């Protein structure tokens, strides 16, 4: 996990469209061309009834501005990352933070939490390395509902 300074975290919060500061938030950074990742984002939009999640890709200007350069992958990203008040997290820790913030899927949260992190991260890496072969790759990012577009940071 990479810890953000309070000043950096506040500047990120201030740049979020529609964010009022009255609840926690997380920014999910994902691989835009990855079909599996886009399906995950669609599911998270449905699960996130409190509208706490924002989304961006590794290739976005937002990511290059707010994520430390050494955390931005040079080739195809092999993990989802989350920026939240807990800092910057990846792999299993990122999914746990996402599930925690949605307040839904508690069973999945606790089931994943009891698996030792090295084991769940290993499974994560195997899926990540094979995701294009199994699920495919798109030439463009997903098309999102008009009423959700402000949650996508470019």
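Every number in this text was worked out from the coordinates using simple rules, so none of it is lab data. Owing to the predicted nature of the structure, the values given are computational and were not obtained by experimental measurement. Methodologically, a virtual Cβ is constructed for each residue, glycine included, from the backbone with ideal geometry; neighbour enumeration extends over all protein chains shown.
Among 100-113, 33-46, 70-83, the peptide with the highest mean count of other Cβ atoms within 10 Å heads the list, and the full ranking is 33-46, 70-83, 100-113.
Distance between the modelled labels on residue 129 and residue 20, one decimal in nanometres: 4.7 nm (7 Å Cα→Cβ projection). The peptide list 12-24, 57-69, put in order of mean Cβ contacts within 10 Å with the highest first, becomes 57-69, 12-24.
Need one word for the range 6-148: rounded, prolate or oblate. Basis is the Cα gyration tensor (sqrt eigenvalues a ≥ b ≥ c); a/c below 1.5 gives rounded, then a/b vs b/c decides. Since a/c stays below 1.5, the shape of the range 6-148 is classed as rounded. What percent antiparallel are the DSSP beta bridges of the range 6-148, to the nearest 5? In the range 6-148, approximately 65 percent of DSSP beta bridges are antiparallel ones. Per-peptide packing, taken as the mean over residues of other Cβ atoms within 10 Å, places 87-96, 125-134 in the sequence 87-96, 125-134 from highest down.
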